[in-house]
């Protein structure tokens, strides 16, 4: 047993989570044991069945609660939202770590999202970095890229976040975008500097590609399509409940007809997607129990891997290695062709995820369809048709909804999220749909600013349909802080101006 991993005390973890000692299942995983975990475990097993045993008191006696980093922050109503974000950065900063509970130590300072999230998160961090660039905190931006590089070198990939209970899954692969952002500030030499880590990350996502065949069409994150093309899916190495959401996962099993290990893997894959959770991953939009994430080829993931292939090719080109540059540019071209073949729907004029089991496109319209515009693999005609659908179906008073379904899941309507506003706005700008991009940006800036004026908070997500209501859904209450909201808001204000 590892002495620093609470989730390796299975009986105690199960009992704490199932009895809901903490409203948020993540809290216990982030607690610090006051003594040796094996001794705590033995003590628990000896005491738990005694008459009058108090589990809550046992936890309090043997563990320290996590400290929320942004607790000391209180907004200044006399300052603008931008000025408050500049102050807030210091409260969201963590310094180099030591071995500490479930935290995976990192060698450089970094920014956390805020609220319950006291660790670094993979895809969140790219959008946070957009704001760091505006704030001219380039050293912190570089520190964060270095931390992700360290994780790749240490674990072979970037986990969901730097907690041990996240090991086994990653998140949407934005590392190539981070490196490009840094290179844009400090010069293209940084592409070459991070080439080994870019390639290691690619190898993580492509592991098992040489094992695919007509009889064996799936392996790890890899899927062999009907025509022999190779695309990717979200996937997790584990087939057990997520420790931080153990109660929720076990209760869902009880309502589901799915085999437990399959359902757990679909839940973990959904967590890797960053969209945890959305009807996008369900067979039945109104049934969480129908989740089948690992059976889906997602449009956003494959667009991000296209960008990774392109970036590796560019780095090799800069190094003068023409042969390797050609290899990765060829891989990117093949992926682009496969995305066009399997994920574009000419009749509907939209990109869709693909159901591997049924060998058909999924029917859900989602903001993931903007990723081909974000990485510039859509045609002008496709971008035009996507833009029409976005204006007609997704644009709401506060920005863009993530999907058209209202299910109670946090990545469905009526919620809007900073990262998807940014990828959508950027994608539309790439194809000259500047008026629509501006309209989305202005509505999002106004919503963020209005909520901040009313509450003094910058939130993880927003209700973009009724801008006076809080965003809801999800496995935990709404969080404020908030890293990617701060980053995207600063970047959009720099480009489009403050709210009226």
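Here the ratio of the Cα radius of gyration of the range 289-442 to 2.2 N^0.38 Å is 1.10.
Counting every other Cβ atom within 10 Å of each residue's Cβ, 128, 406, 311, 293 order from fewest to most as 406, 311, 293, 128.
The residues 319, 249, 124, when put in order of fewest to most other Cβ atoms within 10 Å, stand as 319, 249, 124. Separation of the range 399-475 and the range 198-224, taken as the distance between their Cα centroids, equals 34 angstrom. Convex hull volume of the Cα atoms of the chain, normalised per residue: 151 Å³.
Across the range 399-500, C-alpha contacts under 8 Å between residues 6 or more apart give a mean separation that, scaled by the residue count, equals a relative contact order of 32 percent.
The Cα center of the range 157-184 and the Cα center of the range 132-155 differ in position by 10 Å. When only Cα pairs under 8 Å and 6 or more residues apart are kept, what is the percent relative contact order across the chain? The normalised contact order for the chain reaches 14 percent.
Once the mean of 1/r is taken over each pair of separate Cα atoms and inverted, the range 455-498 shows a Kirkwood hydrodynamic radius of 11.6 Å.
The alpha carbon centroids of the range 310-330 and the range 27-83 are separated by 48 Å. Only Cα pairs under 8 Å and 6+ residues apart enter the sum, and on that basis the relative contact order of the range 45-164 stands at 22 percent.
The ratio of the alpha-carbon radius of gyration of the range 191-286 to the globular-protein estimate 2.2 N^0.38 Å is 1.28.
Expressed in units of 2.2 N^0.38 Å, where N is the residue count, the Cα radius of gyration of the range 86-172 is 1.01.
No lab work stands behind these numbers, since they all come straight from the coordinates. Just so we're clear, the structure is a prediction, and the values are computed from it rather than from any experiment. Please note: Cβ atoms are built from the backbone with ideal geometry, for glycine as well, and neighbour counts cover all protein chains shown.
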